[in-house]
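First comes the structure, then the notes that go with it.
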């Protein structure tokens, strides 16, 4: 078991407590809305690195069931309490048959993957033609990225295992994995200690997180 998985196992019971705070609720809502803008209305979905299932719970609906996949057993224990269907497994080796998914997404999960390209290639195989992979990640060029970088350097039990990415870096990894970048959004334009900034906008150095929609279709636009 990797050190990052052990770290998530240790914090699983308290992981969602931040979302009960005012800033945490704001961040959760902004990220949820941004991802939801790229999700199809129907089809079977997979949240890769789903953790406690808090996002899957809010994004799933009758026409759009979502399965939670994570490598942390303790995090998935919390997801099960929400009634979410779960799979204990690795993003780099999805236990799924090819072409079974209508969509897949990650929310601040790619930062903790040892092999993002391998994970994206696995998602590529599991997705049907024209089905999207949506990746929400912390923008390392932003004030939020600077906060999490400092937390990692100061020994935070979770973010000491994180690797942060820029917009261009993430786009390059997706393209090198055989996917086409079709659309991008950003949110959290205010800093961690500021209020507001939860509008959905174009990604920039000010957006704390960036959301990229990538697809298998050849006609998608390359960025």
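Please state which one of 181, 215 is out of contact with any helix residue (DSSP H, G or I) (no Cβ under 8 Å at 6 or more places or on another chain) and either at pLDDT below 95 or farther than 14 Å from residue 111 by Cβ (or both).
Of the residues listed, the single one that is out of contact with any helix residue (DSSP H, G or I) (no Cβ under 8 Å at 6 or more places or on another chain) and either at pLDDT below 95 or farther than 14 Å from residue 111 by Cβ (or both) is 215.
Give region 40-58 a look and list any residue that's surrounded by fewer than 21 Cβ atoms within 10 Å (Cβ to Cβ) and out of contact with any helix residue (DSSP H, G or I) (no Cβ under 6 Å at 6 or more places or on another chain), or say none.
Once the filter is applied, which keeps residues that are surrounded by fewer than 21 Cβ atoms within 10 Å (Cβ to Cβ) and out of contact with any helix residue (DSSP H, G or I) (no Cβ under 6 Å at 6 or more places or on another chain), region 40-58 yields 40, 41, 42, 43, 44, 57.
Among the helices (runs of 4 or more DSSP H) confined wholly to region 13-83, which include 1 or more residues that are under 24 Å from residue 203 (Cβ atoms) and either in contact with a strand residue (DSSP E or B) (Cβ under 6 Å, 6 or more places away or on another chain) or without any contact (Cβ under 8 Å) to a residue 24 or more places away in the chain (or both)?
Values: elements: 22-36, 54-59, 73-81.
The helices (runs of 4 or more DSSP H) meeting that bar are 22-36, 54-59.
The values are calculated or read from the model by the stated rules, or taken from the named source; none is laboratory data. Quick caveat: nothing in here was measured; it's all calculated off a predicted structure. Cβ atoms come from the backbone with ideal geometry, glycine included; neighbour counts cover every protein chain shown.
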